[in-house]
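The values are calculated or read from the model by the stated rules, or taken from the named source; none is laboratory data. In this text, all values refer to a predicted model and were calculated from it rather than measured experimentally. In this analysis, Cβ positions are derived from the backbone assuming ideal geometry, glycine residues included, and neighbour counts consider all displayed protein chains. Side chains are part of the model used for accessible areas, which takes the heavy atoms of the whole protein and leaves out ligands, DNA and RNA. Shrake-Rupley method; radii C 1.70, N 1.55, O 1.52, S 1.80 Å.
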Amino acid sequence: MIQLIEIILFALTSFVVGLSGSLVPGPMLTVTITDSLKKGFKAGPLIVLGHIIAELILVILIIGGLNWLIGSKTATMFIGIFGGITLMVIGYQTARSTEEISEISILSEGDSQTSGDDKQSTGYGSVFRGFIASVSNPYFFIWWATIGCTFIFKGLELAGVFGVLAFFIGHWASDLGWYSLVSFFTNKGSGVMTNRHYKIIMTVCGVFLIILGIYFVLSSQKII
């Protein structure tokens with residue numbers, strides 16, 4: 001009984017720690033906003049799914065003993081350059097988007113008439129963007145090589161596999177809860193949004209991703 005309470009408290013702690021990271025503005029937040037404007041509420045959970053896939057791959061590498069490599073200066077520099085350039089490309093495409101609210105509404109209403117392949121493509125697009133938004137951020141790797149790794153081994157020490165599961169449940173619940181909330185309110189807001197408002201949001205988000213990408217590249221070179 002005592003151990004069960006400890007596992008629950010550990011999961012809650014993981015939730016709070018995960019939420020503190022989710023709330024920080026970054027590529028995931030920006031991609032969630034832009035995709036939610038285009039695809040609706042479902043974009044949030046799909047983007048988080050892509051994020052979770054990236055985390056699972058990284059955790060497997062950490063457990064395999066590569067945490068020293070992931071957290072190394074060389075890896076951080078490489079990820080910073082590659083991730084920064086990727087974010088700049090996505091940011092440019094987002095800022096240059098020529099779609100309008102009316103076009104997006106027509107596409108959304110026509111979802112029920114699209115083929116199964118089209119639906120899968122749309123879903124995979126958000127999942128892929130969630131994956132890219134994660135792996136293009138060097139701080140994603142640094143967090144998992146330090147804090148994430150510490151929590152995994154703390155969970156193992158606490159209750160073995162159940163402790164690790166408690167960590168992931170708490171951590172993923174924070175991501176899913178926050179980005180689903182962002183997606184929901186973004187989608188609701190699009191109902192009263194004009195084409196001008198939509199273009200401003202897309203431009204601001206795109207510019208933010210470009211600036212973030214430049215920052216990642218420069219910081220990886222110790223220029224700033």
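Considered as a group, the residues in the range 12-29 that are under 20 Å from Leu209 (Cα atoms), open to solvent by 10 Å² or more (accessible area, probe 1.4 Å) and at pLDDT 85 or above include one that is farthest from the chain's Cα centre (by Cα), and that residue is Leu29. The residues listed here are Val89, Val59; of these, the one that is open to solvent by less than 30 Å² (accessible area, probe 1.4 Å), at pLDDT 70 or above and not acidic (Asp, Glu) is Val59. Residues that are at pLDDT 85 or above and in contact with a Gly (Cβ under 7 Å, 6 or more places away or on another chain): does the range 70-86 have at least one? Yes, the range 70-86 contains at least one residue that is at pLDDT 85 or above and in contact with a Gly (Cβ under 7 Å, 6 or more places away or on another chain). The residue pairs whose first member lies in the range 80-99 and is among the β-branched types (Val, Ile, Thr), whose second member is modelled with pLDDT of 80 or more and part of a loop (DSSP other than H, G, I, E, B), and whose beta carbons are closer than 6 Å, counting only pairs six or more residues apart or on different chains, are Thr86/Ser136.
For the condition more than 25 Å from Ile211 (Cβ to Cβ), within 19 Å of the chain's Cα centre (by Cα), of a type in the set (D, E, K, R) and at pLDDT 75 or above, Lys38 does not qualify.
None of Thr150, Thr146 is open to solvent by 60 Å² or more (accessible area, probe 1.4 Å) and free of Cβ contacts under 8 Å to residues at least 24 places away in the same chain except Thr150. If you go through the range 177-192 and keep only what is out of contact with any Leu (no Cβ under 8 Å at 6 or more places or on another chain), at pLDDT below 85 and open to solvent by less than 80 Å² (accessible area, probe 1.4 Å), you end up with Gly189, Gly191. Does the range 92-108 contain at least one residue that is open to solvent by 90 Å² or more (accessible area, probe 1.4 Å) and at pLDDT below 55? The answer is yes, given that some residue of the range 92-108 is open to solvent by 90 Å² or more (accessible area, probe 1.4 Å) and at pLDDT below 55.
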